[in-house]
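Asker: This structure is in C-alpha coordinates; I'll ask about it shortly.
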Amino acid sequence: MSDPAAAPRRVDGPVVLAVLATIGIWSSNFPTIRYILQSFDPTTMSVLRVWVGALALGVWALATRMPLPAWRDWPACALFGLTGIAAATLTLNYGLRTLSAGGGAFLIGTVPVFSALLAWGFFGERLGARGWLGIGVSFAGVALIGLGEGGGMRFDGGTLFILASAANQAFYYVFQKVLQRRYSPQQITCYSVWAGALLLLPFAPAVPAQVARATLAHTLAVVYLGLFPTALAFSAWNFALSRARAAKVTSAMYAMPALAIAMAFAWLGEVPAPLSLLGGAVALSGVALLHLWGR
(Lines give C-alpha, C1' and ligand atoms only; values in the text may rest on other atoms or scores of the structure.)
Protein backbone atom coordinates (compact mmCIF):
# COMPACT_ATOMS: atom_id res chain seq x y z
CA MET A 1 0.00 0.00 0.00
CA SER A 2 1.42 3.40 -0.95
CA ASP A 3 2.16 6.00 1.64
CA PRO A 4 -0.18 9.00 1.22
CA ALA A 5 2.44 11.29 2.71
CA ALA A 6 4.85 10.30 -0.04
CA ALA A 7 2.42 11.09 -2.85
CA PRO A 8 3.11 14.27 -4.85
CA ARG A 9 1.07 17.19 -3.61
CA ARG A 10 -1.20 18.83 -6.16
CA VAL A 11 -0.10 22.32 -7.08
CA ASP A 12 -3.21 24.49 -6.80
CA GLY A 13 -4.12 27.90 -8.15
CA PRO A 14 -3.03 29.98 -5.13
CA VAL A 15 0.41 28.35 -5.23
CA VAL A 16 0.81 29.15 -8.93
CA LEU A 17 -0.24 32.76 -8.34
CA ALA A 18 2.14 33.05 -5.38
CA VAL A 19 5.06 31.71 -7.43
CA LEU A 20 4.31 33.94 -10.44
CA ALA A 21 4.01 37.02 -8.24
CA THR A 22 7.23 36.19 -6.41
CA ILE A 23 9.26 35.60 -9.57
CA GLY A 24 8.00 38.81 -11.13
CA ILE A 25 8.77 40.87 -8.03
CA TRP A 26 12.14 39.23 -7.41
CA SER A 27 13.13 39.81 -11.04
CA SER A 28 12.72 43.53 -10.42
CA ASN A 29 15.22 43.17 -7.56
CA PHE A 30 18.22 43.26 -9.86
CA PRO A 31 17.64 46.42 -11.92
CA THR A 32 16.26 48.20 -8.85
CA ILE A 33 19.39 47.48 -6.81
CA ARG A 34 21.57 48.61 -9.72
CA TYR A 35 19.58 51.85 -9.81
CA ILE A 36 19.74 52.46 -6.05
CA LEU A 37 23.52 51.93 -5.92
CA GLN A 38 23.85 55.33 -7.56
CA SER A 39 23.00 56.90 -4.16
CA PHE A 40 23.36 54.21 -1.47
CA ASP A 41 26.23 51.94 -0.53
CA PRO A 42 25.38 48.21 -0.37
CA THR A 43 25.35 47.96 3.43
CA THR A 44 23.13 50.98 4.06
CA MET A 45 20.75 49.86 1.35
CA SER A 46 20.49 46.45 3.03
CA VAL A 47 19.74 47.98 6.43
CA LEU A 48 17.04 50.32 5.11
CA ARG A 49 15.47 47.66 2.91
CA VAL A 50 15.26 45.00 5.60
CA TRP A 51 13.99 47.43 8.24
CA VAL A 52 11.23 48.66 5.91
CA GLY A 53 10.24 45.04 5.34
CA ALA A 54 10.42 44.27 9.06
CA LEU A 55 8.18 47.22 9.95
CA ALA A 56 5.64 46.31 7.27
CA LEU A 57 5.52 42.74 8.56
CA GLY A 58 5.26 44.09 12.10
CA VAL A 59 2.08 45.95 11.19
CA TRP A 60 0.69 42.74 9.70
CA ALA A 61 1.67 40.78 12.80
CA LEU A 62 -0.05 43.27 15.11
CA ALA A 63 -3.19 43.29 12.98
CA THR A 64 -3.39 39.49 13.04
CA ARG A 65 -2.19 39.15 16.65
CA MET A 66 0.66 36.94 15.57
CA PRO A 67 2.45 35.33 18.54
CA LEU A 68 6.21 35.34 18.94
CA PRO A 69 8.02 32.06 18.30
CA ALA A 70 8.66 29.64 21.14
CA TRP A 71 11.96 30.21 22.95
CA ARG A 72 13.36 26.95 21.63
CA ASP A 73 12.98 28.23 18.05
CA TRP A 74 14.70 31.59 18.54
CA PRO A 75 18.15 30.22 17.55
CA ALA A 76 16.71 28.81 14.31
CA CYS A 77 14.95 32.11 13.55
CA ALA A 78 18.21 33.98 14.18
CA LEU A 79 20.08 31.59 11.88
CA PHE A 80 17.55 32.03 9.09
CA GLY A 81 17.57 35.79 9.59
CA LEU A 82 21.35 35.75 9.29
CA THR A 83 21.53 33.56 6.18
CA GLY A 84 18.34 34.11 4.22
CA ILE A 85 17.88 37.80 4.98
CA ALA A 86 20.95 39.70 6.25
CA ALA A 87 23.78 37.82 4.51
CA ALA A 88 21.83 37.12 1.32
CA THR A 89 20.85 40.77 0.95
CA LEU A 90 24.31 42.15 1.72
CA THR A 91 26.13 39.85 -0.67
CA LEU A 92 23.59 40.45 -3.45
CA ASN A 93 24.02 44.21 -3.13
CA TYR A 94 27.81 44.00 -3.10
CA GLY A 95 27.81 41.70 -6.11
CA LEU A 96 25.61 43.99 -8.17
CA ARG A 97 28.06 46.85 -7.76
CA THR A 98 30.02 45.35 -10.66
CA LEU A 99 27.68 42.81 -12.25
CA SER A 100 24.84 43.60 -14.62
CA ALA A 101 21.28 42.91 -13.52
CA GLY A 102 21.06 40.01 -15.97
CA GLY A 103 24.36 38.50 -14.85
CA GLY A 104 23.26 38.68 -11.23
CA ALA A 105 19.93 37.04 -12.03
CA PHE A 106 21.66 34.19 -13.87
CA LEU A 107 23.86 33.55 -10.85
CA ILE A 108 20.97 33.61 -8.40
CA GLY A 109 19.46 30.96 -10.65
CA THR A 110 21.99 28.54 -9.15
CA VAL A 111 20.01 28.39 -5.90
CA PRO A 112 18.65 24.92 -6.83
CA VAL A 113 22.24 23.69 -7.30
CA PHE A 114 23.21 24.80 -3.80
CA SER A 115 19.94 23.36 -2.47
CA ALA A 116 20.79 19.98 -3.99
CA LEU A 117 24.30 20.06 -2.55
CA LEU A 118 22.93 20.87 0.91
CA ALA A 119 20.35 18.09 0.67
CA TRP A 120 23.11 15.68 -0.41
CA GLY A 121 25.51 16.75 2.33
CA PHE A 122 23.09 17.00 5.26
CA PHE A 123 20.18 14.69 4.42
CA GLY A 124 21.90 12.02 2.37
CA GLU A 125 19.84 12.76 -0.73
CA ARG A 126 21.24 10.79 -3.63
CA LEU A 127 22.64 12.62 -6.66
CA GLY A 128 22.97 10.48 -9.77
CA ALA A 129 25.59 10.85 -12.47
CA ARG A 130 23.37 13.28 -14.35
CA GLY A 131 22.95 15.32 -11.18
CA TRP A 132 26.69 15.74 -10.73
CA LEU A 133 27.02 16.48 -14.44
CA GLY A 134 24.36 19.17 -14.10
CA ILE A 135 26.21 20.72 -11.18
CA GLY A 136 29.45 20.72 -13.16
CA VAL A 137 27.78 22.27 -16.21
CA SER A 138 26.12 24.92 -14.04
CA PHE A 139 29.40 26.00 -12.45
CA ALA A 140 31.07 26.04 -15.88
CA GLY A 141 28.38 28.54 -16.86
CA VAL A 142 29.09 30.51 -13.70
CA ALA A 143 32.74 30.76 -14.73
CA LEU A 144 31.71 32.11 -18.14
CA ILE A 145 29.45 34.68 -16.49
CA GLY A 146 32.32 35.79 -14.24
CA LEU A 147 34.61 36.20 -17.24
CA GLY A 148 31.94 37.94 -19.28
CA GLU A 149 31.14 40.44 -16.55
CA GLY A 150 34.85 41.04 -16.07
CA GLY A 151 35.31 41.97 -19.71
CA GLY A 152 36.37 38.53 -20.93
CA MET A 153 39.93 38.81 -19.62
CA ARG A 154 39.46 38.59 -15.85
CA PHE A 155 37.03 37.00 -13.42
CA ASP A 156 34.71 39.58 -11.87
CA GLY A 157 34.84 39.36 -8.08
CA GLY A 158 31.18 40.34 -7.82
CA THR A 159 30.37 36.85 -9.06
CA LEU A 160 31.57 35.38 -5.76
CA PHE A 161 29.30 37.74 -3.80
CA ILE A 162 26.26 36.69 -5.86
CA LEU A 163 27.14 33.01 -5.43
CA ALA A 164 27.37 33.60 -1.67
CA SER A 165 23.90 35.14 -1.81
CA ALA A 166 22.58 32.11 -3.72
CA ALA A 167 24.15 29.73 -1.18
CA ASN A 168 22.63 31.61 1.75
CA GLN A 169 19.21 31.62 0.11
CA ALA A 170 19.47 27.88 -0.55
CA PHE A 171 20.30 27.27 3.12
CA TYR A 172 17.24 29.27 4.13
CA TYR A 173 14.90 27.40 1.77
CA VAL A 174 16.20 23.92 2.60
CA PHE A 175 16.38 24.16 6.38
CA GLN A 176 13.29 26.25 7.11
CA LYS A 177 11.38 22.97 6.90
CA VAL A 178 12.22 22.52 10.59
CA LEU A 179 9.94 25.47 11.37
CA GLN A 180 7.18 24.61 8.92
CA ARG A 181 5.94 21.89 11.26
CA ARG A 182 5.05 24.48 13.89
CA TYR A 183 4.58 27.82 12.13
CA SER A 184 2.74 29.24 9.14
CA PRO A 185 4.63 30.62 6.11
CA GLN A 186 3.74 34.17 7.20
CA GLN A 187 5.14 33.56 10.68
CA ILE A 188 8.40 32.14 9.32
CA THR A 189 8.78 35.16 7.05
CA CYS A 190 8.15 37.58 9.92
CA TYR A 191 10.51 35.86 12.33
CA SER A 192 13.29 35.63 9.74
CA VAL A 193 13.01 39.23 8.57
CA TRP A 194 12.82 40.55 12.12
CA ALA A 195 15.92 38.59 13.04
CA GLY A 196 17.72 39.86 9.95
CA ALA A 197 16.77 43.44 10.81
CA LEU A 198 18.15 43.09 14.34
CA LEU A 199 21.39 41.60 13.02
CA LEU A 200 21.81 44.57 10.66
CA LEU A 201 21.13 47.08 13.45
CA PRO A 202 24.86 47.85 14.10
CA PHE A 203 25.03 49.37 10.59
CA ALA A 204 21.94 51.56 11.08
CA PRO A 205 23.72 54.78 12.20
CA ALA A 206 24.84 55.45 8.62
CA VAL A 207 21.28 55.38 7.26
CA PRO A 208 20.09 58.96 8.05
CA ALA A 209 23.10 60.62 6.41
CA GLN A 210 22.77 58.59 3.22
CA VAL A 211 19.02 59.18 3.03
CA ALA A 212 19.68 62.91 3.36
CA ARG A 213 22.13 62.81 0.43
CA ALA A 214 20.12 60.46 -1.78
CA THR A 215 17.50 61.49 -4.27
CA LEU A 216 13.87 60.91 -3.36
CA ALA A 217 13.51 58.44 -6.24
CA HIS A 218 16.39 56.30 -4.95
CA THR A 219 15.00 56.33 -1.41
CA LEU A 220 11.54 55.34 -2.62
CA ALA A 221 13.14 52.52 -4.61
CA VAL A 222 14.67 51.16 -1.39
CA VAL A 223 11.25 51.36 0.25
CA TYR A 224 9.86 49.39 -2.69
CA LEU A 225 12.49 46.68 -2.11
CA GLY A 226 11.50 46.47 1.54
CA LEU A 227 7.75 46.28 0.92
CA PHE A 228 7.63 44.05 -2.13
CA PRO A 229 10.72 41.82 -2.75
CA THR A 230 11.31 41.46 1.01
CA ALA A 231 7.96 41.47 2.83
CA LEU A 232 5.44 40.46 0.16
CA ALA A 233 7.54 38.18 -2.06
CA PHE A 234 9.14 36.26 0.82
CA SER A 235 5.68 35.67 2.29
CA ALA A 236 4.33 34.42 -1.04
CA TRP A 237 7.41 32.23 -1.61
CA ASN A 238 7.21 30.61 1.82
CA PHE A 239 3.51 30.00 1.25
CA ALA A 240 4.32 28.21 -2.01
CA LEU A 241 7.07 26.16 -0.36
CA SER A 242 4.64 25.05 2.33
CA ARG A 243 2.06 23.87 -0.22
CA ALA A 244 4.21 22.28 -2.95
CA ARG A 245 7.50 20.46 -3.31
CA ALA A 246 10.51 22.74 -3.18
CA ALA A 247 11.91 21.35 -6.46
CA LYS A 248 8.73 22.31 -8.32
CA VAL A 249 8.62 25.77 -6.77
CA THR A 250 12.28 26.67 -7.25
CA SER A 251 12.21 25.56 -10.89
CA ALA A 252 10.22 28.73 -11.60
CA MET A 253 13.43 30.68 -10.92
CA TYR A 254 14.53 29.76 -14.46
CA ALA A 255 12.38 32.65 -15.68
CA MET A 256 14.06 35.30 -13.52
CA PRO A 257 17.08 36.10 -15.72
CA ALA A 258 14.98 36.78 -18.81
CA LEU A 259 12.62 39.02 -16.85
CA ALA A 260 15.49 40.83 -15.11
CA ILE A 261 17.29 41.44 -18.42
CA ALA A 262 14.12 42.82 -20.01
CA MET A 263 13.48 45.12 -17.05
CA ALA A 264 17.09 46.32 -16.90
CA PHE A 265 17.11 47.05 -20.63
CA ALA A 266 13.81 48.94 -20.54
CA TRP A 267 14.72 50.91 -17.41
CA LEU A 268 18.51 51.29 -17.40
CA GLY A 269 19.43 50.48 -21.01
CA GLU A 270 21.62 47.69 -19.65
CA VAL A 271 22.48 44.54 -21.61
CA PRO A 272 24.77 41.76 -20.31
CA ALA A 273 27.90 40.96 -22.26
CA PRO A 274 27.54 38.18 -24.88
CA LEU A 275 29.82 35.91 -22.85
CA SER A 276 27.60 36.46 -19.81
CA LEU A 277 24.51 35.50 -21.81
CA LEU A 278 26.26 32.35 -23.03
CA GLY A 279 27.37 31.54 -19.49
CA GLY A 280 23.86 32.13 -18.21
CA ALA A 281 22.42 29.73 -20.77
CA VAL A 282 25.02 27.10 -19.82
CA ALA A 283 24.42 27.61 -16.08
CA LEU A 284 20.65 27.27 -16.39
CA SER A 285 21.08 24.22 -18.62
CA GLY A 286 23.07 22.62 -15.82
CA VAL A 287 20.38 23.53 -13.29
CA ALA A 288 17.73 22.04 -15.57
CA LEU A 289 19.75 18.84 -15.99
CA LEU A 290 20.08 18.54 -12.22
CA HIS A 291 16.44 19.32 -11.56
CA LEU A 292 14.84 17.17 -14.25
CA TRP A 293 17.03 14.08 -14.38
CA GLY A 294 19.73 14.20 -11.77
CA ARG A 295 17.98 13.62 -8.44
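Asker: Applying 1/(1 + (r/R0)^6) with R0 = 41 Å to the Cβ-Cβ distance of F155 and W71, what FRET efficiency is obtained, to the nearest 0.05?
Answerer: In this case the efficiency is close to 0.35.
Asker: Using +1 on the beta carbon of Lys and Arg, -1 on that of Asp and Glu, and nothing else charged, what's the dipole of the stretch 16-147 about the Cα centre, debye to 20?
Answerer: Roughly 80 debye for the stretch 16-147.
Asker: Still on this structure, please answer the following. Please give, to one decimal in nm, the separation of the simple spin-label points placed at A262 and Q38, each 7 Å out from Cα toward the Cβ.
Answerer: 2.3
Asker: Can you put D41, D156 in order of accessible area, largest first, using a 1.4 Å probe?
Answerer: Per-residue accessible area, sorted high to low, gives D41, D156.
Asker: Quick one: go through the stretch 127-156 and flag any residue whose amide nitrogen is under 14 Å from the point 7 Å out along the Cα-to-Cβ line of K177.
Answerer: 127
Asker: Taking R0 as 22 Å, what's the FRET efficiency between L55 and T215 from their Cβ-Cβ distance, rounded to 0.05?
Answerer: For R0 = 22 Å, the calculated efficiency reads 0.50.
Asker: Which of A262, A252, A217 moves the most in a Gaussian network model of the chain with Cα springs under 10 Å?
Answerer: Sorting by GNM fluctuation, first place goes to A217.
Asker: Classify the stretch 51-150 as rounded, prolate or oblate, taking a ≥ b ≥ c as the square roots of the eigenvalues of its Cα gyration tensor: rounded when a/c is under 1.5, otherwise prolate if a/b is larger than b/c and oblate if not.
Answerer: oblate
Asker: While we're looking at this one, here's another question. Over the stretch 56-209, with every protein chain in place, what whole percent of the accessible area is carbon and sulfur at 1.4 Å, could you tell me?
Answerer: 71
Asker: Once you put a point 7 Å from the Cα of R245 and another 7 Å from the Cα of S285, both along the Cβ direction, what distance in nm separates them?
Answerer: Simple spin-label model gives 2.5 nm for this pair.
Asker: Now, a different point. Quick one: plug the Kirkwood hydrodynamic radius of the chain (C-alpha pairs) into Stokes-Einstein at 4 °C, 1.567 mPa s, and report D in µm²/s.
Answerer: D = 67 µm²/s.
Asker: Once you've got the GNM for the chain with C-alpha springs shorter than 10 Å, pick whichever of F265, F239, F114 has the biggest mean-square fluctuation.
Answerer: Greatest mean-square fluctuation among the candidates belongs to F265.
Asker: Using a 1.4 angstrom probe, figure out how much accessible area the chain has per residue, in square angstrom, rounded to the nearest whole.
Answerer: 44
The values are calculated or read from the model by the stated rules, or taken from the named source; none is laboratory data. Treat the numbers as computed from the prediction; the structure is a model and nothing was measured. We place every Cβ from the backbone using ideal geometry, glycine too, and count neighbours over all the protein chains shown. We work out accessible area using only protein heavy atoms, side chains counted, and drop any ligands, DNA or RNA first. Shrake-Rupley method; radii C 1.70, N 1.55, O 1.52, S 1.80 Å.
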